[in-house]
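To start, the structure itself, in structure tokens.
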Amino acid sequence: MSKSRQTYQGAVYSWHCDHMGHMNVMHYVGKFDEATWNFFSTVGLQGKAMREDKKGVVAVEQSIKYKSELLAGDVITIHSEVVEFGDKSIKFRHEMRNAETGVVAAVTTLTGLYFDKVARKAISLPDQVKTNLQTALDA
């Protein structure tokens, strides 16, 4: 992920773990979601502005590959990058790593649509967001 940027850092707590002793899948998704909001903010999709404008991004597809276990006490980082974007859509990837070992724990790829919450339909991404996404792709 050479074009990625760090979008999350945190820790695995015992309450994130399941009866197998490792972080439960629901918490991978939650941490990836936190990284998503940080990532969106860096490309111009800030939560406050979207709430005020009654816009948002809706998830339409997500895939996750689990690569290695995370245990209580592990510190993790998530790095994110743009994969591609269209007029109304954005596809991006998150890579979760054990911060102490550098080992990749999981990778997720998501596709979202920019959405008008009043009209209830996908709409074009703002021009500045498209510029920011292209800059991230070209980096």
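The values are calculated or read from the model by the stated rules, or taken from the named source; none is laboratory data. All values reported here derive from a predicted model rather than from experimental measurement. We work out accessible area using only protein heavy atoms, side chains counted, and drop any ligands, DNA or RNA first. Shrake-Rupley method; radii C 1.70, N 1.55, O 1.52, S 1.80 Å.
Listed values, structure above:
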{"quantity": "Amide H within-cut-off set for Ile76, under 5 Å, with H built and near neighbours excluded", "calculated": "Gly10, Ala11, Val12, Ala99"}
{"quantity": "Set Lys3/Lys117; Lys31/Lys91; Lys55/Lys121 screened for pairs whose C-alpha atoms are more than 21 Å apart", "calculated": "Lys3/Lys117"}
{"quantity": "Over region 76-116, relative contact order from alpha-carbon pairs under 8 Å, at least 6 apart, %", "calculated": "36 percent"}
{"quantity": "Convex hull (Cα only) mean projected area of the chain, reported in nm² to one decimal", "calculated": "8.6 nm²"}
{"quantity": "Expected 222 nm ellipticity per residue - DSSP helices of 4 or more, -39500 (n - 2.57), all of the chain, to 500", "calculated": "-8500 deg cm²/dmol"}
{"quantity": "In Hz, Karplus ³J(HN,Hα) per residue of region 103-109 (6.51, -1.76, 1.60; θ = phi - 60°; x = Gly, Pro)", "calculated": "5, 6, 8, 6, 10, 10, 10"}
{"quantity": "Stokes-Einstein diffusion coefficient of region 19-89, Kirkwood radius over Cα pairs, 25 °C, 0.890 mPa s, in µm²/s", "calculated": "169 µm²/s"}
{"quantity": "Amide proton proximity set for Cys17, modelled H, under 5 Å, gap of 5+", "calculated": "Asn24"}
{"quantity": "Integer Hz, Karplus 6.51/-1.76/1.60 couplings in order for region 68-74, x for Gly and Pro", "calculated": "7, 6, 10, 10, 3, x, 5"}
{"quantity": "Carbon and sulfur %, accessible surface of the chain computed with the full protein complex present, 1.4 Å", "calculated": "50 percent"}
{"quantity": "Region 31-139 - percent relative contact order, Cα under 8 Å, separation 6 or more", "calculated": "30 percent"}
